[in-house]
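The values are calculated or read from the model by the stated rules, or taken from the named source; none is laboratory data. Computed from a predicted structure; not experimentally measured. Every residue, glycine as well, gets a Cβ built from its backbone with ideal geometry; the counts of neighbours run over all protein chains shown.
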Amino acid sequence: MSTVVLDNVTKIYPGGYLAVDRMNLRADEGEFLVLLGPSGCGKSTLLRMIAGLEEITSGDLWLGGQLANHLAPRDRDVAMVFQNGALYPHRTVRGNLSFPLEIAKADPAVVKQRVVELSRALHIDETLDRRPGTLSGGQRQRVAMGRAIVRQPSLFLMDEPLSNLDAGMRTELRMEISSLVRSLGVTTIYVTHDQVEALTLADRIAIMNRGVLQDIGTPAQVYNDPATAFTAAFLNSQQLNLLAATVRTPQNQYIMLDFGPHQITMPWTDPRAYAVSQHTGMQIIVGIRPDSLIPVPEHTEGPTFFGRVRTLEYHGHEWLAYLEAGIPAVTVPEPPDRRQLNGGGGGGRARSMMRRLLNGSAAVEEDPPPVTQPGTHRRADLIVRLGNRPVWRAGEHGLVAVDVSRLMLFTMNGNRIDPPRR
Ligand SMILES: Nc1ncnc2c1ncn2[C@@H]1O[C@H](COP(=O)(O)OP(=O)(O)OP(=O)(O)O)[C@@H](O)[C@H]1O
Ligand SMILES: [Mg+2]
């Protein structure tokens with residue numbers, strides 16, 4: 001039993017807080033699925049429902065093809081690792097690692113061998129006779145991981161297992177988790193709010209915000225072709241340029257993205273051209289990564305932005321430039337916050353949802369979610385990545401070429417403008 005399927009899973013906490021909102025998700029056999037999202041978006045709640053530590057309000061959870069909503073945690077064959085992996089303080093590392101096998105009444109010779117093997121793989125073989133109180137944070141997390149792995153469950157659930165460690169230890173342990181879990185081939189759901197962890201570890205990433213699934217796909221899919229502006233911004237560890245543009249189609253000759261002081265032409269050959277043209281006269285959101293803006297010499301032809309370099313910022317491996325180009329920027333549109341039952345913007349909907357749940361007609365929502373208010377307009381600088389040698393100085397004027405094919409295009413609600421389906 002190693003596939004996980006969530007079918008319209010919702011969690012409303014007592015008191016009416018809607019923490020997870022109709023989540024549909026599937027983790028395949030042996031897959032490493034990462035749940036990514038900001039603090040409070042419902043990641044731990046989701047994981048705890050899969051582990052059986054939290055009741056599911058509505059919807060179905062299937063583990064290995066078996067309906068598991070009401071299965072006791074011990075019958076789910078799941079091992080969970082928490083942020084601060086609690087260990088048995090009076091047992092040695094060896095005792096902690098062997099405990100799950102002892103409970104399962106495994107052959108002592110097998111237990112001994114398995115503990116030694118595992119401790120070597122996790123680089124804690126020299127600590128086997130020490131107690132947890134004498135270990136570093138990184139070593140404790142390795143023991144917690146080992147204790148979860150030792151009895152080879154069908155499913156690993158990891159809730160931010162690295163977030164208490166320093167950056168160096170995080171990177172080291174990240175690689176080890178990845179190779180260990182993959183060598184075991186056990187389906188894993190891993191929660192984090194760290195985009196780098198998600199991109200480096202995952203087979204697929206599911207991005208959540210405010211209890212709602214935003215996007216799911218391989219790291220390259222969600223990074224390069226994000227379904228929402230929220231996903232685009234969240235996955236960008238550098239800041240993302242989110243700009244407002246009006247779509248114009250002069251005499252139907254070509255498509256123009258009008259940024260106010262600057263215009264960019266989109267050729268009809270762009271696969272998104274037709275979909276974008278449907279927004280003629282309207283504003284859309286254009287997402288541009290700092291590395292999609294390339295500094296070029298003055299008078300360069302083609303799509304460009306022009307501005308005054310307000311400031312340069314040194315980041316060690318690169319420089320970022322902030323270019324005053326007079327383009328209206330927008331804040332990241334978020335899904336409507338429907339989480340708080342008592343008061344708050346979406347209270348009415350959460351309340352009516354609760355009523356339906358109580359009446360036994362849970363999952364059907366008759367009206368679409370309310371339209372998000374467009375992001376607030378403000379003039380912001382264009383962020384440009386300069387590599388490790390700044391080509392400009394503060395106060396100078398700079399020209400950047402824009403790669404139109406790499407522009408990310410969203411409606412003002414933050415949903416990707418997709419090419420029409422064939
Ligand atoms: N037992 C509870 N009763 C009421 N509300 C709860 C309960 N547990 C969690 N919540 C609320 O549900 C929301 C989601 O919480 P959850 O712990 O799942 O978030 P998270 O994504 O794991 O956040 P973090 O990254 O900070 O760990 C939060 O607003 C939290 O306050
Ligand atoms: Mg959490």
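Numbers below:
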| quantity | calculated |
| --- | --- |
| Residue in segment 186-196 that is in contact with a helix residue (DSSP H, G or I) (Cβ under 6 Å, 6 or more places away or on another chain), assigned to a helix (DSSP H, G or I) and either among the polar types (S, T, N, Q) or at negative phi (or both) present | yes |
| Criterion violated by Tyr190 - all others in (1) surrounded by fewer than 22 Cβ atoms within 10 Å (Cβ to Cβ); (2) touching a residue at least 24 places away in the same chain (Cβ under 8 Å) satisfied | (1) |
| Hits in segment 309-339 - residues which are under 24 Å from the mean Cα position of the chain (by Cα), farther than 24 Å from Gly395 by Cβ and not basic (Lys, Arg) | Val330, Thr331, Val332, Pro333, Glu334, Pro335, Pro336, Asp337 |
| Residues of segment 296-343 satisfying the condition of being under 30 Å from Asp21 (Cα atoms) and in a loop (DSSP other than H, G, I, E, B) | Thr331, Val332, Pro333, Glu334, Pro335, Pro336, Asp337, Arg338, Arg339, Leu341, Asn342, Gly343 |
| Elements of type strands (runs of 3 or more DSSP E) in segment 203-295, at least 3 residues being more than 12 Å from Leu407 (Cα to Cα) and within 14 Å of the chain's Cα centre (by Cα) | 204-209, 212-217 |
| Test: residue in segment 161-171 that is surrounded by 21 or more Cβ atoms within 10 Å (Cβ to Cβ) and either more than 29 Å from the chain's Cα centre (by Cα) or closer than 25 Å to Val4 by Cβ (or both) | yes |
| Scope segment 133-164; condition assigned to a loop (DSSP other than H, G, I, E, B), within 16 Å of ligand 1 (Cβ to nearest atom) and of a type outside the set (S, T, N, Q); matching residues | Glu160, Pro161, Leu162 |
| Some residue of segment 96-110 being under 28 Å from Glu176 (Cβ atoms), within 16 Å of ligand 1 (Cβ to nearest atom) and surrounded by fewer than 20 Cβ atoms within 10 Å (Cβ to Cβ) | no |
| Enumeration of residues in segment 209-237 that are in contact with a helix residue (DSSP H, G or I) (Cβ under 6 Å, 6 or more places away or on another chain) and within 16 Å of ligand 2 (Cβ to nearest atom) | Asn209 |
| Hits in segment 85-109 (condition: over 27 Å from the mean Cα position of the chain (by Cα) and either in a loop (DSSP other than H, G, I, E, B) or not assigned by TED's automatic domain parsing to the domain that holds Gly137 (or both)) | Leu87, Tyr88, Pro89, His90, Arg91, Thr92, Ala104, Lys105, Ala106, Asp107 |
| Count of residues meeting criterion [within 24 Å of Pro267 (Cα to Cα) and without any contact (Cβ under 8 Å) to a residue 60 or more places away in the chain] in segment 300-319 | 1 |
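Table: residues versus (1) buried (at least 22 other Cβ atoms within 10 Å of the Cβ); (2) within 29 Å of Ser179 (Cβ to Cβ); (3) in contact with a strand residue (DSSP E or B) (Cβ under 9 Å, 6 or more places away or on another chain).
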{"site": "Arg22", "(1), (2), (3)": "no, no, yes"}
{"site": "Ser39", "(1), (2), (3)": "no, yes, no"}
{"site": "Lys43", "(1), (2), (3)": "yes, yes, yes"}
{"site": "Met49", "(1), (2), (3)": "yes, yes, yes"}
{"site": "Gly52", "(1), (2), (3)": "no, yes, yes"}
{"site": "Gly65", "(1), (2), (3)": "no, yes, yes"}
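To keep it simple, each residue is scored yes or no on (1) modelled with pLDDT under 95; (2) more than 16 Å from the chain's Cα centre (by Cα).
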residue: Met23; (1), (2): no, no
residue: Ala27; (1), (2): no, no
residue: Glu55; (1), (2): no, yes
residue: Ala68; (1), (2): no, yes
residue: Asp77; (1), (2): yes, yes
residue: Met80; (1), (2): yes, yes
residue: Gln83; (1), (2): yes, yes
